[in-house]
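One structure is given here, and the rest of the page talks about it.
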Amino acid sequence: MAKIIVVTSGKGGVGKTTSSAAIGTGLALRGHKTVVIDFDVGLRNLDLIMNCERRVVYDFINVVNNEATLNQALIKDKRVETLYILPASQTRDKDALTREGVEKVLIELAETFEYIVCDSPAGIEKGALMALYFADEAVVVTNPEVSSVRDSDRIIGILHSKSRRAETGQEPIKEHLLLTRYDPERVELGEMLGVKDVQDILAIPLLGVIPESEAVLKCSNQGIPVILESQSDAGQAYEDAVSRLLGDERPMRFLTAPKKGFFKRMFGG
């Protein structure tokens, strides 16, 4: 039976789509047949991150409205054999998503895929609520700043009250915290919340800490999920997070600032 994972946050710009692409790719690299769905109807960025924008012919809304089959809309990733993308529409309104239509698509995907990763839009509008409604697990993405953490706390409240699991009295959605754009030096200077501060506020298990990294922007611009940049700190951090998502034990890395050598201490840099 397929597991549905929503990647969500209260605030925009925290790295949800980057994280969705990395998590989906990481699961597929482990041999799990995985599909990543873009729920951000009207904007659509997942296809850019996954470098398949020129291959989009039909989209999620076409399938919901029976204007195309799932087979016509799914895009097979060029790099990872077991990875597929279901893009969002750029020309429709979010009201085009209906609960019945989304459920129909998810049921059909579950016949083929082991993991369904839902890339949610930010906030609590219809597309975001639709992305989390059917979830089995949620990756709550937040930056270590007060406004981002506060908005994520709001999303956690919605996961507890407005998901199908909450409505039907099933076991709650399994929640994971993914802390992105983390800079230990700024934490030490008091310019950024520390990991423990965020954990104390949100009180959900920590899945991973993704360091602030030039590799994220570079990979986004090149249409490469950053997890494939295995030499980068961000790529390694996402790889660790996927391992933990699958139940493996991995120590947390990138939580402390690297020690400066003698010349850097003397002359800066």
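The values are calculated or read from the model by the stated rules, or taken from the named source; none is laboratory data. Since we're looking at a predicted model, the values are computed, not measured. A quick note on method: Cβ atoms are made from the backbone with ideal geometry, for glycine too, and the neighbour counts reach across all protein chains shown. Each accessible area value is taken on the protein alone, full model and side chains, heavy atoms only, with ligands, DNA and RNA left out. Shrake-Rupley method; radii C 1.70, N 1.55, O 1.52, S 1.80 Å.
Label positions at Gln231 and Arg79, each projected 7 Å from the Cα along the C-beta direction, are separated by 1.4 nm. In this structure, the pairs whose alpha-carbon distance is over 28 Å, taken from Lys76/Lys196; Lys196/Lys259; Lys3/Lys218; Lys3/Lys162; Lys104/Lys162; Lys16/Lys259, are Lys76/Lys196; Lys3/Lys218; Lys16/Lys259.
So if each residue of separation counts as 0.36 nm, and I subtract the Cα-Cα distance between His160 and Lys33, what length gain in nm does that give?
Length gained between His160 and Lys33: 42.9 nm.
Only protein atoms count toward the accessible area here, which uses a 1.4 Å probe; on the chain, the carbon and sulfur part of that area reaches 50 percent. Applying both filters, DSSP loop and at most 13 other Cβ atoms within 10 Å, to the GluC sites (Glu not before Pro) of segment 82-189 gives Glu111, Glu125. The length gained by stretching the chain between Arg99 and Val146 to full extension, at 0.36 nm per residue less their Cα-Cα distance, is 13.7 nm. Summing Cβ point charges (Lys, Arg +1; Asp, Glu -1) relative to the Cα centre of the chain gives a dipole of roughly 440 debye.
Quick check: the distance between the Cα centres of segment 181-211 and segment 108-176, to the nearest angstrom? Using only Cα atoms, the two centres lie 21 Å from each other.
Using Cα-Cα distances under 8 Å and only pairs 6 or more residues apart, what relative contact order does the chain have, in percent?
Relative CO of the chain lands at 24 percent.
Under a Gaussian network description of the chain, with springs only between Cα atoms under 10 Å, the residue in Arg165, Arg154, Arg54 that fluctuates furthest is Arg54. Net charge near Val56, counting Lys/Arg +1 and Asp/Glu -1 over other residues with Cβ under 15 Å of its Cβ? Once all neighbours under 15 Å are counted, the net charge is -2. Note on Glu111/Lys218: beta-carbon distance plugged into 1/(1 + (r/R0)^6) with R0 of 41 Å gives a FRET efficiency of 0.65.
If a/c stays under 1.5 just call it rounded; otherwise compare a/b with b/c (prolate if a/b is bigger, oblate if not). Do that for segment 154-222, with a ≥ b ≥ c from the square roots of the Cα gyration tensor eigenvalues. In terms of gyration-tensor shape, oblate.
Based only on Cα atoms, what Rg/Rh ratio does the chain have, Rh being taken as Kirkwood's radius?
0.98
Per residue, the accessible area of the chain comes to 47 Å² when a 1.4 Å probe rolls over the protein heavy atoms. Based on the reciprocal of the average 1/r between different C-alpha atoms, the Kirkwood radius for segment 11-113 equals 13.8 Å.
Per DSSP H run of n ≥ 4, the term is -39500 (n - 2.57); total these for the chain, divide by its residue number, and report the mean residue ellipticity at 222 nm rounded to 500 deg cm²/dmol.
-11000 deg cm²/dmol
Quick check on segment 114-235: take the gyration tensor over C-alpha atoms, sort the square-rooted eigenvalues as a ≥ b ≥ c, and tell me if it's rounded (a/c under 1.5), prolate or oblate. Oblate is the answer for segment 114-235, as a/c is 1.5 or above yet b/c matches or exceeds a/b.
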